[in-house]
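Data block below; observations after.
Bear in mind these aren't lab numbers, they're just calculated from the coordinates by the rules spelled out. All of these numbers come straight from a predicted model, not from anything done at the bench. For neighbour counting, all protein chains shown are included, and Cβ atoms are generated from backbone atoms with ideal geometry for every residue, glycine included.
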Amino acid sequence: QQIASWLLTNQRRYRVSEVAITQTALADLLGVRRESVSRSIGKLVAARSLAAGDSVLAIASTAKLKVFACECHQAID
């Protein structure tokens, strides 16, 4: 939920669908373990809502990503 919401917030705020960030940096930013970020990104990639490359996360489907975001983010839309 945190990763999906963070990506959607960045997309809205900066009008970008790609973010250059490492899993370690994202984990530090969200206050979670890198392993948790890795698992979550894997689930988002499997759901085809996110594409992940070398230190780059790209939103593949905003609609699919919103399904994973927390309710607080959905209330913003």
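Helix 34-46 axis versus longest C-alpha principal axis of the chain: approximately 50°, rounded to the nearest ten. Pull out a ≥ b ≥ c, the square roots of the eigenvalues of the alpha-carbon gyration tensor of the chain, then state rounded if a/c is under 1.5, prolate if not and a/b is larger than b/c, and oblate in the remaining case. Taking the square roots of the gyration eigenvalues as a ≥ b ≥ c, the chain is rounded. Of the trypsin sites (Lys or Arg not before Pro) in the stretch 21-52, the ones in a loop by DSSP (not H, G, I, E or B) with at most 13 other beta carbons within 10 Å are Arg33, Arg48. Each Lys and Arg Cβ is given +1 and each Asp and Glu Cβ -1; about its Cα centre, the chain then shows a dipole of about 140 debye. Karplus-derived 3J(HN,Hα) values for the stretch 3-10, using 6.51 cos²θ - 1.76 cosθ + 1.60 with θ = phi - 60°, are 5, 4, 5, 4, 5, 5, 5, 4 Hz; glycine and proline are entered as x.
The string of couplings for the stretch 47-62 from the Karplus curve (6.51, -1.76, 1.60, θ = phi - 60°) is 7, 6, 9, 9, 10, 10, x, 5, 6, 9, 10, 10, 6, 8, 8, 4 Hz, one whole number per residue in order, with x for Gly and Pro.
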